[in-house]
Amino acid sequence: MPQDRRPLGLYLHVPFCRSKCVYCDFYSLAGREGQMDDYADALCAHLTEMAAFAGGYRVDTVYFGGGTPSLLGEKRLLAIWKVIQRRYCLDRDAEVTLEANPDSAGDRRAMSRLRRAGFNRISLGMQSADDEELRTIGRIHTWDQTRAAVEAVRAAGFDNLSLDLIYGLPRQTMDRWKKNVDAACSLAPEHLSCYGLKVEEGTPLFARQAEAALPGDEEQADDYLWMVEELERRGYRQYEISNFARPGRESRHNLKYWTLQEYLGFGPGAHSDVGGVRCAYGRDLEGYLRGVRTHTLTFSQQDRIPPEDRDTEWIMLGLRTARGLDPAEYERRFRRRFAPFEPFFRTCAAAGYALWEEGRWRLTPRGFLVSNQIIGELLDRLGEEKRRRAEASDRVDHRFPPEDRR
């Protein structure tokens, strides 16, 4: 494997679901199984077309997300995977993740075929161990199906399993949340993603949130702080606001997003960040199929971002992680002093929201709860610092070339 090639992640969006959850605002479509063959063919064609562009890269992570990628079935998934294997420079130890729902991941033979082909990580949408909670949010699986799916995944040889959980569900008490976490840990996953429920505009839950009996912000904060402490006690280290892992089992693909590494997206709604350009395809299945077929695929958004203007993203994404921000890296990367941020970080530390540790500033769990406000304040200070630098530059006497000044 040529190590001089830059690493690259591939993200493949699969927009099909058996049913739509009441809280979901991801681009996914229910009842469109009849288009899955056409979509798999389109992904294969698009991957083939983009392979030359990725020729200078080595692919070290592949992520099938959705939607419900496992709903495609192993034959379509394997056809897509073969294109990646044949057309891309793939690391021997590449992390290859498949998102799955419990109702579509219980076939041991299918899981075994995927494992033998090279898939090595499963992210399972458990969400809750309480069947009543699952019905309330529109999930069509049960707790028993979650356990059966985990058994199938393990029997197939997968030793890297992630489970998704949601807290702050309608009528959820702290006691129910504790039982869900305990149930998830009883399945011994290597990784856990735990998200607070967000009521997104345009979702069915948004329309009926007044009668949904949702826990308040304080209750969600209590759920979060208890969870962080409990998972740490059970050996799951927090490495991002909502993500916890056994040592060495962090999601390598998701870390790309949080550390400004390069990735290439495929499918409607998929985003890419590669070659200094951040772009996305429109959330339109028909448009994507047509664009691939006629070679007229276009981006719904596209921005070229110079390296020196990545400071905003570096701060926003870095503070989501448990590693936090390294002032020396900031100064080396952006050729600007970190000092203007120091007083604010010291104020956050005095309030219990931040820590200075091993040469880095990072947020505490309480800091993560108010991270939006902290990041907003830092970005305001960054903007002010840039304005001052611009004004100082404008005051420089430009009448003579630098070498002629006395």
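For every residue, the table says whether it meets (1) more than 25 Å from the chain's Cα centre (by Cα); (2) at negative phi; (3) among the acidic types (Asp, Glu); (4) not assigned by TED's automatic domain parsing to the domain that holds Glu384.
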residue	(1), (2), (3), (4)
Ile315	no, yes, no, no
Thr321	no, yes, no, no
Glu329	no, yes, yes, no
Arg333	no, yes, no, no
Arg336	yes, yes, no, no
Ala339	yes, yes, no, no
Gly352	yes, no, no, no
Gly359	yes, no, no, no
Arg362	no, yes, no, no
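Every residue in segment 191-208 that is over 20 Å from the mean Cα position of the chain (by Cα) and either among the aliphatic types (A, V, I, L, M) or loosely packed, with under 14 Cβ neighbours inside 10 Å (or both), please. So that I can check it myself, show each step before the final result.
At the first step, the residues of segment 191-208 found to be over 20 Å from the mean Cα position of the chain (by Cα) are 201-208.
Within segment 191-208, Glu201, Gly202, Leu205, Ala207, Arg208 meet the criteria.
Can you find a residue in segment 139-148 that is of a type in the set (Lys, Arg), within 23 Å of the chain's Cα centre (by Cα) and modelled with pLDDT under 95?
There is at least one residue in segment 139-148 that is of a type in the set (Lys, Arg), within 23 Å of the chain's Cα centre (by Cα) and modelled with pLDDT under 95.
Residue by residue through segment 30-48, note down the ones that are touching a residue at least 60 places away in the same chain (Cβ under 8 Å) and either surrounded by fewer than 17 Cβ atoms within 10 Å (Cβ to Cβ) or over 25 Å from the mean Cα position of the chain (by Cα) (or both).
Across segment 30-48, the qualifying residues are Arg32, Gln35, Asp38, Ala45.
In the set Arg115, Arg92, which member is of a type in the set (Lys, Arg) and touching a helix residue (DSSP H, G or I) at 6+ places or on another chain (Cβ under 9 Å)?
Testing whether each residue is of a type in the set (Lys, Arg) and touching a helix residue (DSSP H, G or I) at 6+ places or on another chain (Cβ under 9 Å) leaves just Arg115.
On the given criteria, is Ser19 modelled with pLDDT under 95 and either surrounded by fewer than 20 Cβ atoms within 10 Å (Cβ to Cβ) or not assigned by TED's automatic domain parsing to the domain that holds Pro69 (or both)?
yes
Residues are listed down the side, and each one gets a yes or a no for (1) outside any helix (DSSP H, G or I); (2) over 20 Å from Tyr63 (Cα atoms); (3) charged (D, E, K, R); (4) touching a strand residue (DSSP E or B) at 6+ places or on another chain (Cβ under 6 Å):
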{"position": "Met111", "(1), (2), (3), (4)": "no, no, no, no"}
{"position": "Arg115", "(1), (2), (3), (4)": "no, no, yes, no"}
{"position": "Leu124", "(1), (2), (3), (4)": "yes, no, no, yes"}
{"position": "Gly138", "(1), (2), (3), (4)": "yes, yes, no, no"}
{"position": "Val153", "(1), (2), (3), (4)": "no, no, no, yes"}
{"position": "Gln172", "(1), (2), (3), (4)": "yes, yes, no, no"}
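Can you tell me how many residues in segment 299-313 are of a type outside the set (Gly, Ala, Ser) and either free of Cβ contacts under 8 Å to residues at least 12 places away in the same chain or assigned to a strand (DSSP E or B) (or both)?
To start, the set of residues in segment 299-313 that are of a type outside the set (Gly, Ala, Ser) comprises 299, 301-313.
Subsequent filtering for residues that are either free of Cβ contacts under 8 Å to residues at least 12 places away in the same chain or assigned to a strand (DSSP E or B) (or both) retains 299, 301-304, 309.
Selection size over segment 299-313: 6.
Scan segment 174-198 residue by residue and report those that are part of a loop (DSSP other than H, G, I, E, B) and of a type in the set (Gly, Ala, Ser).
Matches in segment 174-198: Ala188 only.
Considering only segment 121-132, state which residues are within 24 Å of the chain's Cα centre (by Cα) and surrounded by fewer than 21 Cβ atoms within 10 Å (Cβ to Cβ).
Hits for segment 121-132: nothing passes.
Just the residues that are aliphatic (A, V, I, L, M) and modelled with pLDDT of 95 or more, please, taken from segment 317-357.
Leu317, Leu319, Ala322, Leu325, Ala328, Ala349, Ala350, Ala351, Ala354, Leu355
The values are calculated or read from the model by the stated rules, or taken from the named source; none is laboratory data. Note that this is a predicted model, so its numbers are computed, not measured. Neighbour counts are summed over all protein chains in view; Cβ atoms, including those assigned to glycine, are modelled from backbone coordinates with ideal geometry.
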